[in-house]
Every structure is written in C-alpha cells, then in structure tokens.
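> I have a structure here, written as structure tokens, and I will follow up with some questions on it.
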Protein chains: 2
Amino acid sequence: MNREPLLMIPGPTNLPHAVREALGQPSIYHRDSEFAQLLDVCTEGLKPLFGTDSDVLILTSSSTGAMEAGVVNFLSPGDRVIAISSGKFGERLGEIAATFGAQVSWLTVEPGRAATPEVLTALAADRKPDAVLLVQNETSTGVCQDVAALAEVANSHGALVIVDAVSSLGGIPFEMDDWSVDVVIAGSQKALMLPPGLGFVAVSERAWQAVESAQMPRFYFDLQEAKKSARKGQTPYTPNVNMMVALAEVVALIQAEGLPNVYRRHHQMGEAARAAVQALDLALFADPQYASDVVTAVESPEGLDSTNLVKHIRDEHNILVSGGQGDLKGKIFRLGHLGCAGLTEMRRTIQAVASSLADLGYQCTVEAALDAIEEVAANA
Amino acid sequence: MNREPLLMIPGPTNLPHAVREALGQPSIYHRDSEFAQLLDVCTEGLKPLFGTDSDVLILTSSSTGAMEAGVVNFLSPGDRVIAISSGKFGERLGEIAATFGAQVSWLTVEPGRAATPEVLTALAADRKPDAVLLVQNETSTGVCQDVAALAEVANSHGALVIVDAVSSLGGIPFEMDDWSVDVVIAGSQKALMLPPGLGFVAVSERAWQAVESAQMPRFYFDLQEAKKSARKGQTPYTPNVNMMVALAEVVALIQAEGLPNVYRRHHQMGEAARAAVQALDLALFADPQYASDVVTAVESPEGLDSTNLVKHIRDEHNILVSGGQGDLKGKIFRLGHLGCAGLTEMRRTIQAVASSLADLGYQCTVEAALDAIEEVAANA
C-alpha cells in the first residue's frame, strides 16, 4: 500500500510536489526586500481568484482566524446582522459576530439546501441589517450558494456583504467586484493546495470605509495594520514565510494551468462525483440545483453507519473521505474533490467506495459508476 | 557563495534538516487518530520547556496571536494591568490589553535595562493590579528580565502574571510552576527551530479559574475551546498540520540533545557573542547584569549607521543580522544566537562582522575576537 494516503476530504488536500519542496526551504527573513517581492507575488496572484482589484491581505492563521478578521474589522457591538446558516460552516461567521456583540438574526436553511434571495429579501425588509454574512460553499452539506443573487439583495438594503469562501476559492468562480461583495475570506488548505496555516481576506473600498467606524476590538487581526504594513512590503507580525514561499508556487501553478481551466477541472470533478455516486445507487444529499463542485455529500445506504464506511475506505484503500458532522454524523459521507486532484483520483476513490460497500454487504456495480465518470470525461 | 543565508537574527532561525523534511511531507488529516497522537507528542514535549505540568495549547498563528490569546482569555475590560515596557516587544502585551479595554499602567524602563522588583513593588502598591504583563527576553535590546523576581512581586499582590517568552523559550530556562507564572506565551520561529506560524500558550490552574470571569471577547483565540478540543486529541479549527509534524521533530531533537545541554549551548553562545564583540572594541548595548543569551545588541561604532553594516554583512557574507528598531534604528545591530546554531556559526558571524567593519573603514582585530570565542569554548 502507498504510504501516503490520498486525501479526498474537503481539506487539507493533496500537496503538489512544488509546494512540498517550497515548504522545506530555509526560512527567509520577513523584513527583507526578498520578502516584499514574495508578498507582492502572492497578493497579486490571489486577486484573480477573488475576482477583485481591491486589497487582498494574507494572515498567518487558520481560516477561522481570517473569518474573525472579516467580522471584527467591519462591525460594531450592537450592529444588526443577518447570518445565513446553511450548516456547520455557515454558522461560524454569525457565531463570531455574536461573540463580539452584534445582534444576530439567523436565516436558517434546511441542511442540503441553499438560502434563496426571496427569503433573504423578506427577512432583510424586517431586520434592516447592517451586514449579511454567508458561506459560498457549505462544506458540511456539499451545497454551493448563489452569492451573486444573495449579495444583490443585501446590497439593495445597503448592508455589507461578508462571504466565507474558505472551501471554494480557487475551485469555484468568485467575482467579488462584479457581485459587489465587500469582504471575502479564504484559506490555504482547500483548493489552494497548501497545508492549513494561512488565511486570506479581500476587502472592498466600501468595506475599508466601514473599518473607520467599526468598534469591535482587534489587534492581531487588525486589517488596517495589515494594509499599512503591506504598503511597505511587510506584515505587522512575523508571517509563516515558508507557507508564503509555497503560496507563490501555487500562484505559478494556477497561472500555468489557467484559472478558467482550473474551474473547468473542478466542475468536471463535481459532475463526475455526482454521476458516479448515483450510478452506485446512492442518493446525493444536497439539492442538485445547488450542488457543490468541490465537495459531494452522499447519503449512506439504509442501515449503514457512514462512519464505518469511511473507516473501511481508509483502512483498506488508504483514501481519506469524510463522514458527516453534528446531526449528520453516521448518515452521510463526503467526498472532497478540490485542489491537486483530477479524474484519476476520482476513479480510484469511486472504486474504493464501491469495493468497501460490497465488503460491508451492500451490493453495487462499480462498472456503471466508472462508465459514468468516462461519460463526464468525454463531454469535457 | 552559499545560496542559503545563515540566519543570525532573532527569528526566523535556521531550520534543522529533519524539520525541513517534515515540513514537506503530505498534509495529514486533523480529525484522525494520527493527529491526536501528534498533538499529544507536541504538547507533552513542550511542557519541560515551559517548566510546567499544566496545560500547553498550540495555536496556528504568529506569536502575536498567541499573545492576544494570553491576554483576552484572562482579563476583562476595565481590569487594572501593569505592563512592563522594556522595549518594542515588552510593549505589545500592554497594547493588546489596552486595545481590549484594560486600564494599563506602564512601567517603562530605559532601553537596555530591565525592570527591577523594587520599582514594580512601588507601582503595584499604588495601582493594585489585576495582572502584570512582561517579556522575559526583550529582543529589541538584548535584555533578559528576571521573571522569577518580578513574578514574586506580582504574586504578593494577587495579580496574574502573564509572560511573553516568545524569543526565549527553549533557549533560556523557564520555570513556570516554580516561579508561579500564570500564562506563558511562546512561538515557533525562535529557539524552537521552526518557521513562524505556530504560537504556544501555557496556562496555570489559577489562570484557568480567571478564564471563567474574563469578559474580553475571543473566538479564534478562545483557549477554553482549545482545551476542550485537546481532550479529544483535536484543535477547534484546522491547525497547520505540517508545522506540527515538524514540531514533533523538534521535540525529538531537544530530547536527544537534552534540555540542560540546550540551555548550556545557548548560554555559551551568549558568552561567546559578548566576549567577541567586546574584543572587537565594540560596546554592548544591554546592561551586562541582564544580558540575554539568545540575542546580543551591539552599539554601532561612532559615525557608522548600523543599517549599512547589516547590509554589508548580508551582501558580502550572506549572513543575516538585525539592525535596531524604532529609536535605535541605525544605532545598534543585533546578533541572534538561538535555535539551530552553535560556536561554528558564531565564529563565521564574528569574522563577517570584523571584515565588514574593516571594509567600512573601522579598524578592528578579528584575531582577538576569535580568541575570545575559543576561551569561552574551552571553559565549557
């Protein structure tokens, strides 16, 4: 068996060779001109992924730290906020806002479904929010929300739009400027093919104006300080320089593949996953209208605890897939298909799922699933 | 010229080979049993460095993030705090406390000197602090404060003692339990021989009690959440797993060398740096009574801007040393001698300093400086 497991979870993801090499280089000095160039390459290289000409700031933290930065720099205690809860991750921005004193109204959608502009319109008319918080890709259910449509509603109420794009950025298109989104948060360990440890926040002009009056306290995550330092080619505090050297490699890899091709590859992976899973007679958990191209949630067959299936796939095939979280524990399993992965990895994963189902007493025909993948490949 | 510069700055430091290899491994899954074992190895391995049997928590952030965690979990807005300002880094804990609403009284010491228990006693009697904040090793001036003596004063007033040991932990002894220190903060990129990107916070029993009533808001840096997750072998948010695999290598390296030997090596490096610099007819900046064993600040000769010297050493010798910060810019230069470095690196550095001084028109005798290092080596 291959010593290195194949990661088909929604992060951390498989690391390209160039990234692994870069991570192991000697640390560079973060107050040197070499670092200033590196920061510029990383920042400029990320902007097309956000679809913005505005500022992108790089933080040394998990994505949740970047989410905190995306909230506390723009809001004040007492602000009225609508948080769209589409699952475990959609809740986090709202939880952060509440922790720092915002008045949070929840727009809770059924697991596996997305928020609609209609429901948001109704709630916004009632609550007159200062900000609307949402996630683009809800990793816990495999749902991708329509950020453009939801942002339009929020904008019509003059609310700031703060979006968690942690698990989607670089895998699913994001057009921050076109969609009038104010704050977008992302992380390193998803489609960006890096280990966890860097967070990213893109900030619109309107959001920079909001910073001036925002009263939530911040120090480590103070984005004005980050912006001020960035102008000098620095970060306010010692950054993870090795991760940033690796990020520059990722920028080069994405540029070489071409961002439209990167998105096409992810879309194809999403199509292949959905087709293959259905060919195995398994049910997709997410509303097909909002199916995510980076993570597919699958209902476990009647009588089978998905935790056992996930364990079997790991133990027998050295492939990591994810189970369900919270109320969905045992009921679904999730395939992550983002970052450094393609149809080869998808075929191997689907074979492992089918073989494991058979081992656990659930009959299924792997041939139909592999045929379904080939059909997606042929239509690319 | 060697492509890889020698880092003789106070962080980031030189990475051991085992660390570089570990950083470049495929990412592991942070919700897996393999991670639980790793977290345990790292946590237990760090405790002797803190000198504690209490909890050590690992955060994915720069050290400043860990400093924020070390403040906001234990204090409330309005709390009376004495912050000992011994220089740029000593100020940071106090700035964080003030940002989150504490009433901060500053005990400011002259650059190059340390706070004395007498001065703290007088101020504490007047201010009746809830907490005293200080740095062990002030990187900006090369001063190592007497944490034990200062903590004793703070304890006698029932104040929490919160210490920034970022640039000293693992290089200079720390005895958290013996000294009755409540919160100790450290980072990865100093004596711990890792890139920047992990922060560490050790928490005493008394500090855990203080958490219960502490009202400063925290989410990403919530240490109760970190403790709760650690009991399950996890972290609340996706950690930098590659850095933690490398941290386990560092723990093994320190155990193999033996912690007392690690401290002895750093002390020897400090002695060698001070002796060599004086043999070059340069003046030490820090009060000799409080000289740091991990960073030596040196006054630039009359008429020489230290920025030029630092640049010359980098350009001609591929060795990075640091200049002065703030008011000390141009006036001092600083040699970092911590982590993965020994007398071989010190000799090379002193030769580069001497040769660069000569190039810039300042006569000095390198032989005397090298002899001084040999004398320190012989007395080990």
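The values are calculated or read from the model by the stated rules, or taken from the named source; none is laboratory data. Remember, predicted model here, so these are calculated numbers, not experimental data. In this analysis, Cβ positions are derived from the backbone assuming ideal geometry, glycine residues included, and neighbour counts consider all displayed protein chains.
> Looking for something farther than 26 Å from A:Leu59 by Cβ, in contact with a Ser or Thr (Cβ under 8 Å, 6 or more places away or on another chain) and of a type in the set (D, E, K, R) - is there at least one such residue anywhere in the range A:85-96?
Here is the first cut: in the range A:85-96, the residues farther than 26 Å from A:Leu59 by Cβ are none.
Among the residues of the range A:85-96, not one is farther than 26 Å from A:Leu59 by Cβ, in contact with a Ser or Thr (Cβ under 8 Å, 6 or more places away or on another chain) and of a type in the set (D, E, K, R), which makes the answer no.
> I'd like to know if the range B:266-280 contains one or more residues that are part of a helix (DSSP H, G or I), crowded, with 23+ Cβ neighbours inside 10 Å, within 14 Å of another protein chain (Cβ to nearest Cβ) and more than 19 Å from the chain's Cα centre (by Cα).
Scanning the range B:266-280, I find no residue that is part of a helix (DSSP H, G or I), crowded, with 23+ Cβ neighbours inside 10 Å, within 14 Å of another protein chain (Cβ to nearest Cβ) and more than 19 Å from the chain's Cα centre (by Cα), so the answer is no.
> Could you check, for the range A:145-156, whether at least one of its residues is assigned to a loop (DSSP other than H, G, I, E, B), surrounded by 24 or more Cβ atoms within 10 Å (Cβ to Cβ) and out of contact with any Phe, Trp or Tyr (no Cβ under 6 Å at 6 or more places or on another chain)? Give the derivation first.
Taking the range A:145-156 and keeping what is assigned to a loop (DSSP other than H, G, I, E, B), we get A:145-146.
Restricting the remaining residues to those that are surrounded by 24 or more Cβ atoms within 10 Å (Cβ to Cβ) gives A:145.
Restricting the remaining residues to those that are out of contact with any Phe, Trp or Tyr (no Cβ under 6 Å at 6 or more places or on another chain) gives A:145.
Checked the range A:145-156: at least one residue is assigned to a loop (DSSP other than H, G, I, E, B), surrounded by 24 or more Cβ atoms within 10 Å (Cβ to Cβ) and out of contact with any Phe, Trp or Tyr (no Cβ under 6 Å at 6 or more places or on another chain).
> If A:Tyr263 passes every condition in (1) in contact with a strand residue (DSSP E or B) (Cβ under 8 Å, 6 or more places away or on another chain); (2) assigned by TED's automatic domain parsing to the domain that holds A:Gln37 but one, which one does it miss?
(2)
> Among the residues of the range A:316-330, write down those that are at pLDDT 95 or above and part of a loop (DSSP other than H, G, I, E, B).
A:Asn318, A:Val321, A:Gly324, A:Lys329, A:Gly330
> Please enumerate the residues belonging to the range B:32-51 that are within 12 Å of chain A (Cβ to nearest Cβ) and touching a residue at least 12 places away in the same chain (Cβ under 8 Å).
Restricting attention to the range B:32-51, the residues satisfying the condition of being within 12 Å of chain A (Cβ to nearest Cβ) are B:32-35.
Those that are within 12 Å of chain A (Cβ to nearest Cβ) and touching a residue at least 12 places away in the same chain (Cβ under 8 Å): B:Ser33, B:Phe35.
> Does the range B:52-75 hold any residues that are away from every other protein chain (no Cβ under 14 Å) and either within 15 Å of the chain's Cα centre (by Cα) or at pLDDT below 95 (or both), and which are they?
Scanning the range B:52-75 gives no hits.
> Another question, then. Can you pull out every residue in the range A:258-286 that is acidic (Asp, Glu) and either at pLDDT below 95 or touching a helix residue (DSSP H, G or I) at 6+ places or on another chain (Cβ under 7 Å) (or both)? Show your work before the answer.
To start, the set of residues in the range A:258-286 that are acidic (Asp, Glu) comprises A:271, A:281.
Within the range A:258-286, A:Glu271 is the sole residue that qualifies.
> Specify which of the listed residues (B:Val211, B:Val251, B:Val262) is in contact (Cβ under 8 Å) with a residue 12 or more places away in the chain, touching a Phe, Trp or Tyr at 6+ places or on another chain (Cβ under 9 Å), of a type in the set (A, V, I, L, M) and assigned to a helix (DSSP H, G or I).
Numbers: B:Val251 fails: touching a Phe, Trp or Tyr at 6+ places or on another chain (Cβ under 9 Å); B:Val262 fails: touching a Phe, Trp or Tyr at 6+ places or on another chain (Cβ under 9 Å).
From the options B:Val211, B:Val251, B:Val262, the qualifying one is B:Val211.
> Now, a different point. Of the conditions (1) in contact (Cβ under 8 Å) with a residue 60 or more places away in the chain; (2) in a strand (DSSP E or B), A:Pro196 fails just one. Which one is it?
Only one criterion in (1) in contact (Cβ under 8 Å) with a residue 60 or more places away in the chain; (2) in a strand (DSSP E or B) is unmet by A:Pro196, namely (2).
> If I ask for residues that are farther than 24 Å from B:Gly258 by Cα, within 14 Å of another protein chain (Cβ to nearest Cβ) and touching a Gly at 6+ places or on another chain (Cβ under 7 Å), which ones from the range B:174-215 would you list?
Listed by number, the list holds a single entry, B:Gly197.
> Please give the number of the condition B:Gly142 fails out of (1) surrounded by 18 or more Cβ atoms within 10 Å (Cβ to Cβ); (2) at positive phi; (3) within 14 Å of chain A (Cβ to nearest Cβ).
Failed condition: (3).
> Return the residue satisfying two criteria in turn: it lies in the range B:109-136 and is surrounded by 17 or more Cβ atoms within 10 Å (Cβ to Cβ) and over 19 Å from B:Trp179 (Cα atoms), and of such residues it is farthest from the chain's Cα centre (by Cα).
B:Arg127
> Also, quick follow-up: When residues of the range A:164-185 are filtered for being touching a helix residue (DSSP H, G or I) at 6+ places or on another chain (Cβ under 7 Å) and either among the β-branched types (Val, Ile, Thr) or surrounded by 24 or more Cβ atoms within 10 Å (Cβ to Cβ) (or both), how many remain?
Final tally of qualifying residues: 13.
> Right, A:Ala246: in a helix (DSSP H, G or I) and surrounded by fewer than 24 Cβ atoms within 10 Å (Cβ to Cβ) or not?
On the way: in a helix (DSSP H, G or I): yes; surrounded by fewer than 24 Cβ atoms within 10 Å (Cβ to Cβ): no.
In short, no.
> Given (1) in contact with a Lys or Arg (Cβ under 7 Å, 6 or more places away or on another chain); (2) farther than 20 Å from B:Leu120 by Cβ; (3) buried (at least 24 other Cβ atoms within 10 Å of the Cβ), identify the lone condition not met by B:Leu223.
Here B:Leu223 meets the rest and fails (1).
Residue-by-condition table, conditions (1) on the phi < 0 side of the Ramachandran plot; (2) without any contact (Cβ under 8 Å) to a residue 12 or more places away in the chain; (3) not small (Gly, Ala, Ser):
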| site | (1), (2), (3) |
| --- | --- |
| A:Asn318 | no, no, yes |
| A:Gly342 | yes, no, no |
| A:Met346 | yes, no, yes |
| A:Ala368 | yes, no, no |
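> Just for the range B:76-102: of the residues that are away from chain A (no Cβ under 12 Å) and of a type in the set (Gly, Ala, Ser), which one is farthest from B:Arg127 (Cα to Cα)?
Here the answer is B:Gly87.
> Is it true that B:Ala114 is in the same structural domain as B:Pro196 (by TED's automatic domain parsing), under 25 Å from B:His267 (Cα atoms) and in a loop (DSSP other than H, G, I, E, B)? Write out each step before concluding.
On the way: in the same structural domain as B:Pro196 (by TED's automatic domain parsing): yes; under 25 Å from B:His267 (Cα atoms): yes; in a loop (DSSP other than H, G, I, E, B): yes.
It is true that B:Ala114 is in the same structural domain as B:Pro196 (by TED's automatic domain parsing), under 25 Å from B:His267 (Cα atoms) and in a loop (DSSP other than H, G, I, E, B).
> Taking the criterion of being among the small types (Gly, Ala, Ser), at pLDDT below 95 and farther than 19 Å from B:Leu6 by Cα, would at least one residue in the range B:288-297 satisfy it? Give the derivation first.
Pass one, the range B:288-297, residues among the small types (Gly, Ala, Ser): B:291-292, B:297.
Of the ones still in play, those that are also at pLDDT below 95 are none.
For the range B:288-297, residues among the small types (Gly, Ala, Ser), at pLDDT below 95 and farther than 19 Å from B:Leu6 by Cα: absent.
> For residues that are assigned to a helix (DSSP H, G or I) and among the charged types (D, E, K, R), scanning just the range B:331-361, find the one that is surrounded by the fewest Cβ atoms within 10 Å (Cβ to Cβ).
Pass one, the range B:331-361, residues assigned to a helix (DSSP H, G or I): B:343-359.
When the remaining residues are screened for being among the charged types (D, E, K, R), the result is B:345, B:347-348, B:359.
Values: B:Glu345: 17, B:Arg347: 18, B:Arg348: 16, B:Asp359: 12.
Looking at the filtered set, the residue picked out is B:Asp359.
> Quick test for you: out of A:Asp315, A:Asp305, pick the one residue that is of a type in the set (Asp, Glu) and under 30 Å from A:Pro195 (Cβ atoms). Break it down stepwise before answering.
Details: A:Asp305 fails: under 30 Å from A:Pro195 (Cβ atoms).
It is A:Asp315.
> Looking at (1) assigned to a helix (DSSP H, G or I); (2) closer than 23 Å to B:Glu374 by Cα; (3) hydroxyl-bearing (Ser, Thr, Tyr), which is the one condition that is false for B:Thr296?
Condition not satisfied by B:Thr296: (1).
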